[in-house]
Amino acid sequence: MKNYVSASVLSANMLNLGSEILKLEKNGIDMLHFDVMDGIFVNNITFGLPILEQVRKATDITLDVHLMINNPAKYIKRFAEAGADIISFHIESESNAIETINAIKDFGIRPAIAIKPSTSANAVFDLLPYLDMVLVMTVEPGFGGQSFIPNMVDKIRTIRSKITELGLDVNVEVDGGINGETSAFVRNAGANVLVSGSFLFNANDMAAAANALKDEKLC
Ligand code: DX5
Ligand code: ZN
């Protein structure tokens with residue numbers, strides 16, 4: 001299975017977002033990860049629709065939107081129109097999961113379910129046939145720059161095993177504290193989409209950092 005890196009915009013220089021995106025594209029980044037927080041579902045407020053619309057106009061890169069909001073179903077249409085390619089929403093939010101997945105698919109967008117560290121793997125099992133991706137949070141959602149929670153590795157392995165057992169083609173994304181070291185743990189457990197914020201943006205050599213995350217050698 002191919003590995004992908006999704007760069008978390010939360011760690012970018014917001015005043016130079018255009019040039020940051022160009023830099024990401026030049027350095028082998030596959031997707032832009034867009035953390036939308038409402039100050040209710042998580043204890044932080046970030047950015048939303050107007051920025052996503054502007055970013056969509058500036059790039060063809062895959063826009064990977066991670067909704068950390070209370071009522072995601074209400075906003076699927078708006079995020080679809082703003083240009084999302086993937087929408088992840090939390091199973092712990094108050095929206096009905098199947099209805100929200102169907103709403104996302106109706107817009108031709110790839111649906112994903114995100115789970116917090118305290119939510120167990122089997123919470124997503126019944127939904128796997130309807131999903132493009134499962135997002136396993138490897139930190140408590142809310143802030144960039146936190147440390148990876150090691151016991152999430154078993155959860156990733158359990159979800160990947162279930163996907164294989166069911167014969168499905170579902171991506172497993174990990175988000176939070178992913179760096180040159182933790183990326184190996186999560187890849188070995190079956191994750192193939194690696195979100196990275198601080199590790200990628202603080203790297204002196206972004207291309208080398210991206211290749212380390214994907215376990216690809218620079219040529
Ligand atoms: C946390 C966000 C993450 C975060 C990752 O709630 O969902 O996407 O920006 O940042 P790092 O890679 O710095 O942990
Ligand atoms: Zn995220």
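Need one number: nm distance between label points at E181 and E53, each 7 Å from Cα along Cα→Cβ, rounded to one decimal.
4.4
With the crude spin-label approximation of a point 7 Å out along Cα→Cβ, what separation in nm comes out for I149 versus A208?
Result for the modelled spin labels: 3.3 nm.
With helices defined as uninterrupted DSSP H runs, which ones in the chain have an alpha carbon span along their own long axis of at least 15 Å and mean Kyte-Doolittle hydropathy of at least -1.0? Could you put the intermediate results ahead of the total?
Details: long enough: 152-165 (20 Å, -0.46).
Qualifying helices: 152-165.
Per residue, how much accessible surface does the chain expose to a 1.4 Å probe? Answer in Å², no decimals.
Counting only protein heavy atoms, the per-residue value for the chain is 44 Å².
Filter the trypsin sites (Lys or Arg not before Pro) in segment 1-76 down to the DSSP loop ones having no more than 11 other Cβ atoms within 10 Å, then list what survives.
Qualifying residues, ordered by number: K2.
Return the ratio Rg/(2.2 N^0.38 Å) for segment 120-185, where Rg is computed over Cα atoms only. Walk me through the intermediate numbers first.
Working: Rg = 12.2 Å, N = 66, 2.2 N^0.38 = 10.8 Å.
For segment 120-185, the normalised Cα radius of gyration is 1.13.
Please give the net charge around K23, taking every other residue with its beta carbon less than 15 angstrom from that of K23, where Lys and Arg add +1 and Asp and Glu add -1.
-3
Over all distinct Cα pairs, what is the inverse of the mean 1/r for segment 1-70, reported as the Kirkwood hydrodynamic radius in Å?
12.7
At a 1.4 Å probe radius, carbon and sulfur cover how many percent of the accessible area of the chain?
Details: 4740 of 9740 Å².
On the chain, the fraction of accessible area on carbon and sulfur atoms equals 49 percent.
Pulled fully out, how much extra length does the chain show between E81 and N43, if you take 0.36 nm times their separation in residues and subtract their Cα-Cα distance?
Length difference between fully extended and current span is 11.0 nm.
Quick check: the distance between the Cα centres of segment 1-67 and segment 134-159, to the nearest angstrom?
Segment 1-67 and segment 134-159 have Cα centres spaced 19 Å from each other.
Can you pull the one-decimal nm distance between simple spin-label points at A123 and D60, each 7 Å off the Cα toward Cβ?
Going by the 7 Å Cα→Cβ label model, 3.8 nm.
Across 10 Å bins from the origin, how do the percents of Cα pairs in segment 30-130 run, short distances first?
All Cα pairs considered, the percentages come to 16, 51, 30, 4.
Please give the net charge around M137, taking every other residue with its beta carbon less than 9 angstrom from that of M137, where Lys and Arg add +1 and Asp and Glu add -1.
-1
At 222 nm, what helix-only mean residue ellipticity would the chain give, in deg cm²/dmol to the nearest 500, using -39500 (n - 2.57) for each DSSP H run of four or more?
Result for the chain, helices only: -9500 deg cm²/dmol.
Pairs to check: K77/K155; K57/K155; K23/K116; K26/K105; K57/K116; K77/K116. Give those whose C-alpha atoms are more than 28 Å from each other in this structure.
With Cα atoms farther than 28 Å apart: K77/K155; K57/K155; K23/K116; K26/K105; K57/K116.
Once the chain is represented by equal point scatterers at the alpha-carbon sites, with solvent omitted, what log10 I(q)/I(0) does the Debye formula produce at q = 0.12, 0.14, 0.16, 0.17 Å⁻¹?
The computed values of log10 I(q)/I(0) come out as -0.57, -0.79, -1.07, -1.22.
For segment 172-177, just list the computed ³J(HN,Hα) in residue order, Karplus coefficients 6.51, -1.76 and 1.60, θ = phi - 60°, integers in Hz, with x standing in for Gly and Pro.
Listing the rounded values in order: 10, 9, 10, 8, x, x Hz.
The values are calculated or read from the model by the stated rules, or taken from the named source; none is laboratory data. Since we're looking at a predicted model, the values are computed, not measured. All Cβ positions, even for glycine, are placed from backbone atoms using ideal geometry, and neighbour counts span all protein chains on display. Side chains included, ligands, DNA and RNA excluded: accessible areas come from the protein's heavy atoms. Shrake-Rupley method; radii C 1.70, N 1.55, O 1.52, S 1.80 Å.
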